[in-house]
Amino acid sequence: MKNKFIALGLLVLITLSCNEQKPAQPSQELPYQKEVDSILALMTLEEKIGQLNLPSSGDITTGQAKSSDIASKIAAGKVGGLFNIKTAAKIKEVQRIAVEESRLKIPLLFGMDVIHGYQSTFPIPLGLAASWDMDLIQQTARVAAQEASADGINWTFSPMVDISRDPRWGRISEGSGEDPFLGGKIAAAMVRGYQGDDLSANNTLLACVKHFALYGASEAGRDYNTVDMSRVRMYNDYLPPYKAAIDAGVASVMASFNEVDGIPATANKWLLTDVLREQWGFNGFVVSDYTGINEMVAHGIGNLQQVSARALNAGLDMDMVGEGFLTTLKKSLEEGLVSETTIDTAVKRILTAKYQLGLFDDPYKYCDTTRTKNEVFTKENRDFARKVSAESMVLLKNEGLLPLKKSGSIALIGPLANTPHNMAGTWSVATQQEKSISVLEGLKEVAGEAVTINYAKGSNVAYDEAYEKRITMFGKEITRDGRTDAQLLAEALAVAKKSDVVVAAIGETAERSGESSSITNLQIPKAQQDLLDALLATGKPVVVVLFTGRPLAITKIQEEAPAIINAWFPGSEAGLAIADVLFGAVNPSGKLTATFPRNVGQVPLFYAHKNTGRPLDPAKTADCGFQKFTSNYLDVCNTPLYPFGFGLSYTTFSYSDITLDKAELGPNDSITVSVKVKNTGNFDGKEVVQLYVRDVVRSTTPPVRELKGFKKIFLKKDEEQIVQFKLQTEDLKFYDTDLNFIAEPGEFQVFVGGDSTTELQNRFELVN
């Protein structure tokens, strides 16, 4: 292997400074610049500041918008958009005030958290990611945009692309997992789905990538907490998905709550201007998160006037809910803390977005109530949601128990077995929770009359009633059973004993993950673990249907239960999709995008870690052996319970014959990696073929491996296929200590298989 440190001249060749990636061009004429300038020339200072204000609408009742508190502000030109309002009828009333009663008749934006579907709700984003199907994921965003726009919405606060490697952080449920490469692919797919090819069409939405930046790396996994990391790590591990969304043309960006380098992101000029605009060339607008400006006072960097001025000067354009801009910018202008030019720049960005949406041509274009009746929660969309849900489920274990036969009797037991309100999971604000399909309802419908379904709750969600209330909020309450724990268990055991097989519906509730849902114990609540232990003790075969919004530490369940399906929170069609997988109508093909630890003490745990100078011997790693004075634990293996990329099928797949079409890769060339994949089991099935690369020696320490490609294929029983990937120099680049984006010549290992632990490999040399 060539020594990479002989001379700087051996560095590959296409070296790109991060400060030169995609420079912004302020002199370049932006879309609608003449139209925007003509409006700006007519605006008073108060009207300009009003465009930067995004208050919450409150619950405006149809027919009463004009008398609401917000109406007078809209008429006075003090509102640029509204947050948290829905239905075409309500939005039309409010828009009418803006375009008929305000002086300049500037239309409003209407934003909402459309996160994983609108009324037709898909799995939570962490579940969606487990499908590894970019076309499918893009189509979920397209359906969400179709439904939301039909109900008056024209702006969504999605996709959330924060990389997180700490499952204690509840918002890991909203993201795509731990990997920047996969996260970037999903970010781009979601942006394309929401925005389509034409933002002026009435069935597309402005997308908003969030949270910029690094929000998923909060200390101790506690929401809103501090983030502190090197810029090398930022650029290599955490920033790529945001950049992918920018490159895909995302129209807006949301600043994150956390601080970066000691400055809250909401007022961080390095983030919002230097990186976002000057390095990446973003020309859309930036909005704060909910009261993000106001919260900087608690961070300790100034009073409301000071932090509002800092945010504007840093490059923030719109203030969500807090009204710091509205109440302080005029004074700050008078005192020289901000300039009118800076205010004008922010206003131009907001007006440009409104022109891109076509709101100046037709401010009521999203207010057609006939679309609401015909395009929201349709059978077609619900059928698609059912398909997506099944595609996202991950089979974690199966000792030949699944798929179930459509005969005999099934005991469906667990506090999540008959809870439609918990099926959609967190951030399902438009979902009609009561219309979601429970596991009980889904099993009965799919099984038909040939199967007897015997149901028992078995236990409450948790022994602690106060804790249970905290994790079943926002319309997702589960009625607490007034019987004693012993009575609930006795009923469950009686039901289990008279049935052929037990399906245990257990795990997290919808609001045990999500925003402000951080936890320190990654196990399921003890009440449910005790229930499962008792069911397993009956000797009946038990299938665990696990609901979760994060990786859990389910080591005991893995050791004792014969079959486990991770259903995530599957969405509005949950019960039907779960039944499809249980009975084999769908062969599960989901793969994890976040590592499952053995216990919380291993966290953070992720596949693309770096070696230490004293790594554990691979042989010891494989059998969970201990070796003193190496990097390992006294009480638990280094290895995860389930690695990144892991997921079983009802069939099996073999990998062999990994070949490269050449031994050397030049700077303007590509190398083709081929592998033979065969379905060696008894069912037709899908497999996610994954390509990983390791840079053997480089100037900064490399991860042990990095995902660089994946393909989801379908193989019939006994069928085999040659799967190919192309690698180029661009795929091998990284940011060095000077934040230059480079690839270095030398040896690279290539791994291909069904998860991140695959050892099937080959090697090639990168040359200059």
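What is the chain's relative contact order, in percent, from Cα pairs under 8 angstrom and six or more apart in sequence? Could the numbers behind the result be given before it?
Numbers: 1890 pairs, mean separation 116.2, N = 768.
Taking the mean separation of contacting Cα pairs over the length of the chain, I get 15 percent.
Have a look at Leu412, Val461, Leu443 and report the one farthest towards the positive end of the charge dipole of the stretch 387-468, computed about the Cα centre with Cβ charges (Lys/Arg +1, Asp/Glu -1).
Comparing the listed Cα positions along the dipole, Leu443 ranks first.
Can you tell me the relative contact order of the stretch 82-124? Whole percent, Cα pairs under 8 Å, sequence separation 6 or more.
Working: 29 pairs, mean separation 18.4, N = 43.
Relative contact order comes out at 43 percent.
If Thr484, Thr341 are ordered by their accessible area, calculated over protein heavy atoms with a 1.4 Å probe, which sequence runs from highest to lowest?
Values: Thr484 75, Thr341 100 Å².
Largest accessible area first, the list is Thr341, Thr484.
Just for the Cα atoms in the chain, what are the lengths along the principal axes, largest first, rounded to whole Å?
Per principal axis, max minus min of the Cα coordinates gives 77, 72, 46 Å.
Can you find, among Phe734, Thr479, Leu536, the residue farthest towards the positive end of the dipole of the chain? Put +1 on the C-beta of Lys and Arg, -1 on that of Asp and Glu.
Leu536
Size of the dipole of the stretch 166-272 about the Cα centre, Lys and Arg at +1 and Asp and Glu at -1 on the beta carbon, nothing else charged, in debye to 20?
Numbers: 10 positive and 13 negative charges, 17 e Å.
Charge dipole, the stretch 166-272, about its Cα centre: 80 debye, nearest 20.
In debye, nearest 20: dipole of the chain around its Cα centre with unit charges on the Cβ of K, R (+) and D, E (-)? Please list the in-between numbers first.
Working: 79 positive and 93 negative charges, 145 e Å.
Dipole about the Cα centre, nearest 20: 700 debye.
Determine the calculated [θ] at 222 nm for the chain from helices alone, applying -39500 (n - 2.57) to every DSSP H run no shorter than 4 residues and normalising by the residue count; nearest 500 deg cm²/dmol. Write out the running numbers ahead of the final one.
On the way: 21 runs with 206 residues, N = 768.
About -8000 deg cm²/dmol.
FRET efficiency for Lys373 and Val429, Cβ-Cβ distance as r, R0 = 25 Å, nearest 0.05?
Values: r = 21 Å, r/R0 = 0.82.
Once the sixth-power term is evaluated, E becomes 0.75.
Too long at a 26 Å Cα-Cα cut-off: which of Lys676/Lys716; Lys406/Lys717; Lys48/Lys243; Lys210/Lys591? Provide the component values of the computation, followed by the final result.
Numbers: Lys676/Lys716 14 Å; Lys406/Lys717 22 Å; Lys48/Lys243 30 Å; Lys210/Lys591 24 Å.
Pairs exceeding 26 Å: Lys48/Lys243.
Label the stretch 94-253 by shape, choosing from rounded, prolate and oblate, from the square roots a ≥ b ≥ c of the eigenvalues of the Cα gyration tensor; if a/c is under 1.5 it is rounded, and otherwise prolate applies when a/b is larger than b/c, oblate when it is not.
On the way: a/c = 2.05, a/b = 1.62, b/c = 1.27.
Prolate shape, in that a/c is at least 1.5 and a/b is the bigger ratio.
Given Tyr692, Gly753, Gly681, which one lies farthest toward the positive end of the charge dipole of the stretch 663-762, if we put +1 on the Cβ of every Lys and Arg and -1 on the Cβ of every Asp and Glu?
Gly681
Based on Cβ point charges of +1 for Lys and Arg and -1 for Asp and Glu, what charge dipole magnitude is obtained for the stretch 589-693 about its Cα centre, in debye rounded to the nearest 20? List each step's numbers first, then the result.
Numbers: 10 positive and 9 negative charges, 63 e Å.
For this selection, approximately 300 debye.
Fully extended, how many nm does the chain gain between Lys469 and Gln724 (0.36 nm per residue separation, minus their Cα-Cα distance)? All intermediate terms of the calculation are to be shown ahead of the outcome.
Numbers: separation 255, 0.36 × 255 = 91.80 nm, distance 5.04 nm.
That works out to 86.8 nm of additional length.
So if the hydrodynamic radius of the stretch 456-522 is defined as the Kirkwood radius over C-alpha pairs, what does Stokes-Einstein give as its diffusion coefficient at 20 °C and 1.002 mPa s, in µm² per second? Mind dumping the intermediate values first?
Working: Rh = 13.5 Å.
The Stokes-Einstein estimate is 159 µm²/s.
Compute the length gained on full extension between Asp228 and Ser670: take 0.36 nm times their separation in residues and subtract their Cα-Cα distance, giving the result in nm to one decimal.
Details: separation 442, 0.36 × 442 = 159.12 nm, distance 3.71 nm.
Here the answer is 155.4 nm.
The stretch 656-719: which trypsin sites (Lys or Arg not before Pro) are DSSP loop and have at most 12 other beta-carbon atoms within 10 angstrom?
Details: sites: Lys662, Lys676, Lys678, Lys686, Arg694, Arg698, Arg705, Lys708, Lys711, Lys712, Lys716, Lys717; in loops: Lys662, Arg698, Arg705, Lys716, Lys717.
Those that pass, being in a loop and sparsely packed, are Lys662, Lys716, Lys717.
Please tell me the relative contact order of the stretch 579-669 in percent, rounded to the nearest whole number, where contacts are Cα pairs under 8 Å and at least six residues apart. Walk me through the numbers before you get to the answer.
Working: 83 pairs, mean separation 33.5, N = 91.
Dividing the mean separation by the residue count of the stretch 579-669 yields 37 percent.
Computed over the Cα atoms, what is the radius of gyration of the stretch 185-272 divided by 2.2 N^0.38 Å, N being its residue count?
Details: Rg = 14.2 Å, N = 88, 2.2 N^0.38 = 12.1 Å.
Its radius of gyration relative to the 2.2 N^0.38 Å reference: 1.18.
Expected output is a single nm value to one decimal: the length gained when fully extending between Trp270 and Thr327, i.e. 0.36 nm times separation in residues minus the C-alpha distance. What is it?
Numbers: separation 57, 0.36 × 57 = 20.52 nm, distance 2.55 nm.
The Trp270-Thr327 span can extend by a further 18.0 nm.
Ser516 label point, 7 Å along Cα→Cβ, cut-off 19 Å on backbone N: hits in the stretch 232-258?
255-258
Which value, in Å², gives the accessible area per residue of the chain when a 1.4 Å probe is used on the protein heavy atoms?
37 Å²
Which of rounded, prolate or oblate describes the stretch 389-515 when judged by the alpha-carbon gyration tensor and an a/c cut-off of 1.5? Before the final figure, lay out the partial values.
Details: a/c = 1.87, a/b = 1.27, b/c = 1.48.
Verdict is oblate for the stretch 389-515.
The values are calculated or read from the model by the stated rules, or taken from the named source; none is laboratory data. What you see is a predicted model; the values in this text were computed from it and never measured. Reconstructed Cβ throughout: ideal geometry from the backbone, glycine too, with neighbour counts over all protein chains shown. Remember, those area values only see protein heavy atoms, side chains included, never the ligands or the DNA or RNA. Shrake-Rupley method; radii C 1.70, N 1.55, O 1.52, S 1.80 Å.
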